[in-house]
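So the structure is just underneath, and the comments pick up after that.
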Amino acid sequence: MKVKSLFILFFIGLCSIAMQAQDVKFEAKVSKQKLGLNEKLRVDFSMNQDGDNFSPPDFDGFVVVGGPNQSISNSYYNGKRSYSKTYSYFLAPQNMGSKTIGSATILINGQTYTSKPVVVNVTKATASPQDANNPEFVANEAVHLVAEVSNSNPYLNEAITVVYKLYVSHDVSITSAWREVTSPKYEDFWSQNIDARGDYKVYNGKYQGEDYRYVILRSTVLYPQKTGKLDIEPLTLSVPIDVPVGRRGFFNRSNRVNKTISAGNRSIQVKPLPLENRPDNFTDAVGDFSLYMDTNKKQLNANEALELDVKITGKGNLKLMGLPKVTLPSSLEVYEPERINNIQVKANGMQGTITEKYTVVPQFKGQYPIRPITFSYFDPKTETYKTLSSKEIFIDVPEGPSSTESLPDTAKESGDIVSNNKFKNIKLTTTLEPMEKEHFFKSTLFWSLLGGPFLLIPLFVIAGRARDKRLADVDGSRLRNANKLAKKYLGEAKKNLGNKEAFYDSMERALHNYLKAKLDIETTEMSKERIAQLLNDRQVSQETVAEFNTLLKSCEFARYTPSTAVTIKEDYDKAVRIISTIDKEIQ
């Protein structure tokens, strides 16, 4: 019995040694050498011994729509052991031409093995087989991604909405999550996505006259920033589709088909705003708005503060337009306004309120009129410009010092200004007291006054030299002035470092205001190409121009992408640096 057991162990050992001694094979195989642009390719990486640390190639020119799937085969035949381990991928080509699937690597018995590259040829799309029993054909006909545009011929800065709908036939089902392959960038648009956030409601509807179910994946609000023909890039998804096979029964079987579908390119034609009857105070506002101006006090004493609110309420491009400026009498000290945005972006566009709060402090007593302000906007529904006016407000300051600025303008012009209290603040009586006799000559005060100026001479010399050095440093002076200017424009953004949406909204507005001030352009001209041209004409370097445009894009994308406090702080520092650089370089 012992001899038999030893023989079995010896035989197993020989088999093991023979197995290790055989050649290791690691190779790549493809399901076809030639395929159409709308077909899928299967790639298998097979080995005849178990390995670890498998590393696939990059699959350049393809999109991975399935895998990796792992399968292992281990069998004995006529006393010989056969082993196979395979990693499988399913690929969709992105364009036509000759494609090379690179080498994969695997670690077997401590040695790294590499597969040989495989070349395949991708031709134009082939006609799908008209076979109702073919899962690929059924999946191709049963699922569609559609981009619906609310208005294909809008005005400049008029809101349009793109709604992405996924239509699914009743013959198939989607039980797994899809994923985005490519997302549109919306060049030349201000954009904001309104996602369904995973809670997709299923609707019943029609697609090309047939009954379908559909879900709304997202709605995107767009405000065109250029006129003419603009392209909306497609959204592309990879969707796993379960196609039933065989007759329906208690135990249904299905084949899963991974399909890449696209909403296709959409184009719109953007109309310019009419030049006829355009008001002089028009600040690119497009929509339907109302104007409100009021103060929290109508009567107060000099050197007390009141709040003056200017509000624009309505529906339109609230984040992209300018507000009317308030002109106050010179005797009223006014501070930079605080801007408060209470704006919601819904499927039909922006709506809400923009408020600018001014702090006003009267310096003298009197009555002060706050003249009406006007605000003009373009109404795309009526295709006309409309102008709104506020009411005139009077501020009464009964107590405080007098000033001719508080008198009516007619009195100033005549020069006949009389005030009974003209000398009320001048003291007419004195209270003099005799001084004690004291010898000033050679006293401590005498020597201090005599020698003090000589002691201050070195300090004046040092300060003068420092001042001369500072004035001679032209580059340093320009840098300091540029940094002050950058922080001035980005002051509001800095206040909102803790609020992502408010921060990027403020920073984008600051960048636009900076360009308006430095380049003397309006919002309607702020395309990336126009900005680059004007900055290049003013001798700004290509690298700085590219950084500025990249920062503008970051502001657009950051409104609907995750951001950390660190990222927001980095973007703020980058904005300060870029504005400072432009201000140094601009001629």
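The values are calculated or read from the model by the stated rules, or taken from the named source; none is laboratory data. Treat the numbers as computed from the prediction; the structure is a model and nothing was measured. Ideal geometry is used to build each Cβ from the backbone, glycine not excepted, and the neighbour counts take in all protein chains shown. Remember, those area values only see protein heavy atoms, side chains included, never the ligands or the DNA or RNA. Shrake-Rupley method; radii C 1.70, N 1.55, O 1.52, S 1.80 Å.
Here is how the numbers come out for the structure above:
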read-out: Residue in segment 239-254 that is in a strand (DSSP E or B), open to solvent by 60 Å² or more (accessible area, probe 1.4 Å) and of a type in the set (Gly, Ala, Ser) present; value: yes
read-out: Test: residue in segment 282-292 that is in a loop (DSSP other than H, G, I, E, B), surrounded by 15 or more Cβ atoms within 10 Å (Cβ to Cβ) and of a type in the set (A, V, I, L, M); value: yes
read-out: Residue in segment 339-361 that is among the aliphatic types (A, V, I, L, M) and touching a Phe, Trp or Tyr at 6+ places or on another chain (Cβ under 6 Å) present; value: no
read-out: Segments classed as strands (runs of 3 or more DSSP E), wholly inside segment 354-416, with at least 3 members that are within 35 Å of the chain's Cα centre (by Cα) and either among the aromatic types (Phe, Trp, Tyr) or modelled with pLDDT of 90 or more (or both); value: 374-379, 384-389
read-out: Hits in segment 87-140 (condition: at pLDDT below 85 and among the polar types (S, T, N, Q)); value: Ser88, Thr126, Ser128, Gln130, Asn133, Asn134, Asn140
read-out: Thr524 being modelled with pLDDT under 80, open to solvent by less than 70 Å² (accessible area, probe 1.4 Å) and not in a helix (DSSP H, G or I); value: no
read-out: Checking Val64 against (1) among the β-branched types (Val, Ile, Thr); (2) closer than 22 Å to Arg256 by Cα; (3) open to solvent by 80 Å² or more (accessible area, probe 1.4 Å), the condition it does not meet; value: (3)
read-out: Cβ-Cβ under 6 Å pairs, at least 6 apart or on other chains, segment 257-275 side among the basic types (Lys, Arg), far side part of a strand (DSSP E or B) and surrounded by 12 or more Cβ atoms within 10 Å (Cβ to Cβ); value: Lys259/Val239; Lys259/Ile241; Arg266/Ala147; Arg266/Val149; Arg266/Ile232; Lys271/Tyr155
read-out: Qualifying residue in segment 302-316 (condition: open to solvent by less than 20 Å² (accessible area, probe 1.4 Å) and hydroxyl-bearing (Ser, Thr, Tyr)); value: no
read-out: Selected residue (only one of Ser448, Ser477, Ser506 is assigned to a helix (DSSP H, G or I), at pLDDT below 70 and more than 19 Å from Thr544 (Cβ to Cβ)); value: Ser477
read-out: Check on Ser115, open to solvent by less than 80 Å² (accessible area, probe 1.4 Å) and more than 12 Å from Val30 (Cβ to Cβ); value: no
